[in-house]
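Below: the structure, in structure tokens.
The values are calculated or read from the model by the stated rules, or taken from the named source; none is laboratory data. From a predicted model like this one, the values you see are computed outputs, not experimental measurements. Reconstructed Cβ throughout: ideal geometry from the backbone, glycine too, with neighbour counts over all protein chains shown.
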Amino acid sequence: MPIRSMTGFAQVKGELISQTDGSNPPRTALAASQSNGQLAFSLSLKSVNHRFLDLHFRLPSGSDSLEMQLRRLLKEKIARGHVEVTLSLERGSSEVLALNRPLVTAYIKAFRAAAAEFSVAAEPDLNTILRIPGALDSARDPEEGALESAVMARVGEVLDHLNQMREQEGRSIERELRQRMEHLSEAVKIVQTYRRTVLQNYVDRLQTRLQELLGAGTDRERVLQEAALLVDRSDIQEEIVRLENHVQHFLGLLDENGEVGKKLDFLLQEMNREANTLLSKTSGLAGDALKITEAGLAMKAEIEKSREQVQNLE
């Protein structure tokens, strides 16, 4: 599976059409374009980045079975992201609406009972009543399970469209990440070039400082031994090697494809830690050693920009 972004949008439309012939009972079929049929629908998927798979459904009432099927399918096809699933219905122009008498009657009774209890002179507004969800029902409801079947017949198509968009953006992010790793590698090479300068800088500073503190009679060999121990602890070779290994591991994960977002994010955290250690070990140095500080700051900038992109990978 190619690397995917967690951001994408896709939508498909379909329609239920009541068909009747003289010998067969009415049946419901699926059409790709809207006409004056019984019921049209629009199914859309919108996804953004998230730590885990977070599914949110906006479906018509009574769609529990459909939601379960959609949830099961989306879990199979999508690994991470906040995904909003919206199913909207649209009645055809020839659709006949019928009054939901039990609901409207109950509302009017409740309204008048409240008006009488609080001594308010008022009558229910018909416009308000008809806007109550369910107050108007279709006189020709689709057969049981027909909408569910029609939607499930198109969900594969909308998932394909969504993943195509996510893969396209994923390829763009991958190209940028590879460029960032190239820049990071160049900064690491610069640090390696000036590493010996840093070590010599430490030796010179320590020798000067110790001679100032202990006087001219200081044992030169002892000073160099102490300096060597401190320089060894201040050596940045270990950080350089780790950064190089992390970059190669990062590129290897990009080559593997698939769900690599979390792994890449962890590697970038490790790179940032090594860059911080490198900068702390070389702080306060002058001369050519300042080149290491500049390169270290450039590393952190590339790492931070890479993390911004990785946060959106599945």
Next on the checklist: Could you go through the stretch 159-171 and let me know if any residue there is at pLDDT below 95, surrounded by fewer than 20 Cβ atoms within 10 Å (Cβ to Cβ) and over 23 Å from THR86 (Cβ atoms).
Outcome noted: yes
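So that you can scan it fast, the table gives a plain yes or no per residue for (1) in a helix (DSSP H, G or I); (2) at pLDDT below 85; (3) within 30 Å of GLY261 (Cα to Cα):
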{"site": "HIS50", "(1), (2), (3)": "no, no, yes"}
{"site": "SER65", "(1), (2), (3)": "yes, no, no"}
{"site": "GLN69", "(1), (2), (3)": "yes, no, yes"}
{"site": "LYS109", "(1), (2), (3)": "yes, no, no"}
{"site": "VAL120", "(1), (2), (3)": "no, no, no"}
{"site": "PRO124", "(1), (2), (3)": "no, no, no"}
Item to check | Candidates ILE292, ILE240, ILE303, filtered to the one that is in contact with a Ser or Thr (Cβ under 7 Å, 6 or more places away or on another chain), touching a residue at least 12 places away in the same chain (Cβ under 8 Å) and farther than 19 Å from MET6 by Cα | outcome: ILE292
Next on the checklist: Looking at the stretch 274-287, can you tell me whether even one residue there is under 31 Å from the mean Cα position of the chain (by Cα), crowded, with 17+ Cβ neighbours inside 10 Å and either among the aromatic types (Phe, Trp, Tyr) or modelled with pLDDT under 95 (or both)?
Outcome noted: yes
Checklist entry - Is it the case that some residue within the stretch 21-37 is at pLDDT 90 or above and not acidic (Asp, Glu)? => result no
